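Okay, structure first, notes after.
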Amino acid sequence: MTDHQWTELAAPYALGALDREERARFETHLADCAVCRAEVRSLREVAVLLAESAPAATPPAALRERVLREASRVRPIGARRPGRAPWLAAAACLLLALGLGYAYLRERAEQERTVRSLAASRDTIAARDSLVATLLSPDAGTAALAATGQAPSARVTWSPSRHRVVMAVFRLPPAPVGRTYQLWAIAKGKPVSIGIFNTSPDGRLVAEMPLPVDLKFELTAVTEEPAGGSPQPTMQPFLVGKVSPAD
Amino acid sequence: MRKNRTDANFEAVPDDQQVKAGVPDRALVERMAAGEERALGALYDRHGRMAYALALAIVREGADAEEVVADAFGQVWRSATQYDAGRGSVAGWLATITRTRALDLVRARGRRTRAVERAAQADPDGLATPLGTPADRADRQIERHEAQHLVTRSLAELTEPQRRVIELAYFGGLSQSEIAAELQEPLGTVKTRMRAAMEKLRGSLAPLLVGGSS
């Protein structure tokens, strides 16, 4: 959403006319956007004045009594008790104000941190959800890639309907500086790049990559390439896997 | 509707010293925060009528409106120590609390509000029928009435569809998509109207707005 589109939500927000989800998203945005906060403040003032347009009506005289009677049963929250030394009350108020001010600032900073970390978590979870959906999709195909030499191995799962590939790699040391690994799909003997990747220091990776639409392939393979990847493989693949298609 | 408004019997505001004395609302709230019940009485004398009219416009039944007003003033009384002048006027604070309580009550009862009812009737006269001129009033709160008059006039200056959208949101408590369904209009149209209407209102109500110049 562009900034401009966010600002457009200020008017319905000030009127309380956003649907629940939209409101929640806008409030998250408000935490970070002073422009929208100012716009909301200004439009809220407008909204509040709309009360004045209610058709005039005279409340029954007894209502005043009722308001006062109900109030007399409770004291305002934190109201000062009469009879205490005024300076003590003042000092207590000052301390309270300082404390509240500090607590407020801390609370606010905490809230902002929470909002940011929630957003980050949401992205991570969305990525995971997508990955799991690919793994579990009914049309998923898989290929186990065995090492042509020694230790490393990989498993590739793809979903033609979701146009996604999930690759899991084990025991493959990270590519040297300036180099990267590249995953290929071999379609009718021709390599098509799926994406580049690198492993973590423990030699592992689980990642999702896009799969070209309608790509049919017989083999998947991994090569090591210069950083950024190559249009065509520059070496013989060291991991190769034959496709075992889904039923 | 219109009959109600023009024939309303405007009683004189109770002759409370605090009303006359011109003590600012904010000072009354401070005294309430100190537990002074007379200050609450004074606040009621100033704004009780507005709160009642607002509540009645939303809940429709006099008895329900009284309950809403008593609740709202109760909340204002209990939370007087938390009132933050930086966030708006006392009247605005009270109006917000009253509206929220009224809409809660309407929802709890599963009842439609007056604004929604009127929209359903597609009243060609429009929803915001002018309240009458300040001269009609036997009321001393001239400033309040000027505000009322300006708000009413500003609403009257909106196009009929714009006004309807605003009233359904404010008095009906409907969301944009609920308004679209109620009026059987495309959601995009409702959104555009609401924004345009608020923009127009902000312009015409500028004399009453303190901080919001943008």
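Laboratory data are not the source of any read-out in this text; all were calculated from the coordinates shown. All figures in this text were calculated on a predicted structure; none of them were measured in a lab. As a convention, Cβ positions derive from the backbone with ideal geometry for all residues, glycine included, and neighbour counts pool all protein chains shown.
The figures follow:
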| quantity | calculated |
| --- | --- |
| Average partner coverage of B:46-53, which counts Cβ from other chains inside 10 Å | 5 |
| Computed over the range A:194-247, Cα set: Rg, Dmax in Å | 12.7, 37 |
| Label-to-label distance, nm, for residues given as A:Ala126 and A:Glu21 (7 Å Cα→Cβ offset) | 1.2 |
| Kirkwood estimate for the range A:141-242, i.e. one over the average of 1/r between Cα atoms, Å | 13.4 |
| Relative contact order (percent, whole number), the range A:141-242, Cα cutoff 8 Å, 6+ residue spacing | 32 |
| Computed E for B:Ser177/A:Gln232 - FRET, C-beta separation, R0 56 angstrom, nearest 0.05 | 0.60 |
| Computed over chain A: relative contact order in percent, which uses C-alpha pairs under 8 Å that are six or more apart | 14 |
| Computed label-point distance, nm, for sites A:Glu110 and A:Val206 using a 7 Å Cα→Cβ extension | 3.3 |
| Cysteines not pairable in chain A (beta carbon separation under 4.7 Å absent) | A:Cys93 |
| Added length on full extension, which subtracts the Cα-Cα distance from 0.36 nm per residue, A:Glu218 to A:Ala61 | 47.8 nm |
| Backbone N under 20 Å from the A:Phe170 label point (7 Å along Cα→Cβ), restricted to the range A:123-147 | A:132, A:135-136, A:141-147 |
| Reduced Cα scattering model of chain A, Debye log10 I(q)/I(0), q = 0.08 Å⁻¹ | -0.62 |
